[in-house]
1. Just to confirm the number: angle between the C-alpha axis of helix 73-86 and the first principal axis of the chain, 0 to 90 degrees, nearest 10?
2. First compute the accessible area of region 3-130 with a 1.4 Å probe, then give the percent of it belonging to carbon and sulfur atoms.
3. Would you give the gap between the C-alpha center of region 179-224 and the C-alpha center of region 1-47, rounded to a whole Å?
4. Relative to the longest principal axis of the chain, what angle (0 to 90°, nearest 10) does the C-alpha long axis of helix 11-22 take?
5. Which cross-chain or sequence-distant (5 or more) residues have an amide H under 5 Å from the amide H of SER213, H modelled 1.01 Å from N in plane?
6. For a Förster distance of 35 Å, can you work out the FRET efficiency between the beta-carbons of ASP54 and GLN106, rounded to the nearest 0.05?
7. How much area per residue is accessible in region 3-130 when the probe is 1.4 Å and only protein heavy atoms are counted (Å²)?
8. Quick one: Debye curve from the alpha-carbon atoms of the chain only, equal weights, vacuum; give me log10 I(q)/I(0) at q = 0.14 Å⁻¹ to two decimals.
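The values are calculated or read from the model by the stated rules, or taken from the named source; none is laboratory data. Here the structure is a predicted model, which is why all the values come from computation and not from measurement. Heads up, the Cβs are rebuilt from the backbone with ideal geometry, glycines too, and the neighbour counts pull from every protein chain shown. The area values use the complete protein model at the heavy-atom level, side chains included, leaving out ligands, DNA and RNA. Shrake-Rupley method; radii C 1.70, N 1.55, O 1.52, S 1.80 Å.
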Amino acid sequence: MTIAVTGATGHLGQLTLAALAARGATDVIGLARSPEKLTGAARRFDYSDPDSFDALAGIDTLILISSSEVGQRAPQHRNVIEAAKAHGVGHILYTSLLHADRSKMQLAEEHVATEAALAASGLSHTLLRNGWYGENYDSAIASAAQSGTIAGASGAGRIAAAARADYAEALAAVALDPGLQGKTYELAGDAGFTLDELAAEIAAQAGRAVEVSHLAEAEYRALLETMGLPGPFAAIIADSDAQAANGALFDDSHDLSRLIGRPTTPLAGIVRAALG
Ligand SMILES: NC(=O)c1ccc[n+]([C@@H]2O[C@H](COP(=O)([O-])OP(=O)(O)OC[C@H]3O[C@@H](n4cnc5c(N)ncnc54)[C@H](OP(=O)(O)O)[C@@H]3O)[C@@H](O)[C@H]2O)c1
């Protein structure tokens with residue numbers, strides 16, 4: 001069985017290739033805009049370039065890691081799904097967003113469109129709806145350890161983040177076991193944490209006090225812009241945080257730890273990794 005992984009040069013793609021190899025998969029192809037950056041079997045594949053779509057020839061299982069080009073993702077993913085169908089791909093695993101079907105996060109829109117395109121395609125598929133990566137907090141954690149402050153708009157909302165490596169292992173587990181396919185998984189960290197709990201953990205590991213600045217969505221967006229984030233990106237981050245205050249990034253299904261057969265990376269591990 002030949003498995004291909006899109007976004008193979010990205011963080012999650014690299015970890016997914018490693019997780020597949022760790023589980024003994026040998027017939028694996030990395031798909032990327034720059035395949036020369038990959039070791040192992042690789043083919044050029046660009047979600048926006050139909051000339052590259054023959055890369056899907058002979059693929060049985062396609063791991064479609066969502067594109068990082070926010071705003072272009074729905075048409076890009078539709079391209080991939082149509083090309084997969086044309087090339088006889090047997091099964092697609094798609095990395096969606098936690099509770100995409102009911103999420104009010106702006107980021108959900110492109111995932112909902114992709115899930116609909118998969119359903120309409122008639123292709124056999126599995127939805128892995130990923131919660132937040134713990135790594136999303138890496139720079140905030142490092143900066144809080146230096147400055148003693150952390151800011152956000154997630155209020156008392158619990159964020160069930162897990163490490164990218166946890167999500168990658170889940171992708172590998174499902175790709176290699178047809179018995180796990182054809183379902184929708186809500187993937188999230190086992191425990192979750194609030195912004196206050198994150199600050200307390202940083203304080204404990206950095207050995208200094210960390211104050212929390214609880215901001216309204218508009219204030220957080222403005223702060224992110226002053227830190228150099230482009231306006232639209234700052235707006236999406238602030239929107240996600242504000243929705244997290246309402247529970248959008250929390251889930252207690254434990255689908256992720258069940259799939260990977262171990263607990264997800266805890267808050268202490270997320271902070272430890274960020275502090276290097
Ligand atoms: N759950 C979360 O917290 C969270 C956070 C951030 C992102 N995400 C989503 O999860 C995905 C994977 O995360 P990540 O951390 O691995 O992101 P990443 O490191 O930025 O990797 C994104 C990958 O997408 C590829 N890509 C972008 N545009 C493409 C195109 N037109 N054609 C083909 N490949 C293209 C990139 O290729 P190049 O190397 O050529 O640029 C890269 O390999 C992201 O793309 C995003 O959709 C989720």
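1. The helix 73-86 is inclined about 20 degrees to the chain.
2. The value for region 3-130 is 49 percent carbon and sulfur by accessible area.
3. With region 179-224 and region 1-47 each reduced to a Cα centre, they are spaced 29 Å.
4. For helix 11-22, the angle is close to 60 degrees.
5. ILE150, ALA151, GLY152
6. Plugging the Cβ-Cβ distance into 1/(1 + (r/R0)^6) gives 0.55.
7. About 42 Å² of surface per residue is accessible.
8. Reported log10 I(q)/I(0), two decimals: -0.99.
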